[in-house]
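Colleague: This structure is in structure tokens; I'll ask about it shortly.
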Amino acid sequence: MFRRREPVPFAFIAETDRFRSNVAPPPRERASAGQIAGRWLLGLTIIAGIVGSVVLGMPALSQNSLSTQNQQSQAADNR
């Protein structure tokens, strides 16, 4: 029923922390030219999108004092 476990000496447990495998992991595969070009194209697309949104959003963010004065004067004339 119950299986009796034998105690493991502490020295064996301490040695497991220092154990290193002599098997080296395989070298990483180099990216192909198509993968590198795709990464560059994706990066340029993202940068172009950010620049384009800033360029198109600048007129909405700028405070144009002339249009504000014209709107106020037209409202005053219509009274």
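Colleague: Pop the C-beta distance of residue 63 and residue 40 into the FRET formula with R0 = 22 Å and round what comes out to the nearest 0.05. All intermediate terms of the calculation are to be shown ahead of the outcome.
Modeller: On the way: r = 38 Å, r/R0 = 1.73.
Using R0 = 22 Å, I get an efficiency of 0.05.
Colleague: Starting from the Cα-Cα distance between residue 30 and residue 55, subtract it from 0.36 nm times their residue separation and give me the gain in nm to one decimal. Spell out each step's value before the answer.
Modeller: On the way: separation 25, 0.36 × 25 = 9.00 nm, distance 3.76 nm.
Answer, rounded to one decimal: 5.2 nm.
Every number in this text was worked out from the coordinates using simple rules, so none of it is lab data. All of these numbers come straight from a predicted model, not from anything done at the bench. Positions of Cβ are generated from backbone atoms using ideal geometry, with glycine treated the same way; all protein chains shown enter the neighbour counts.
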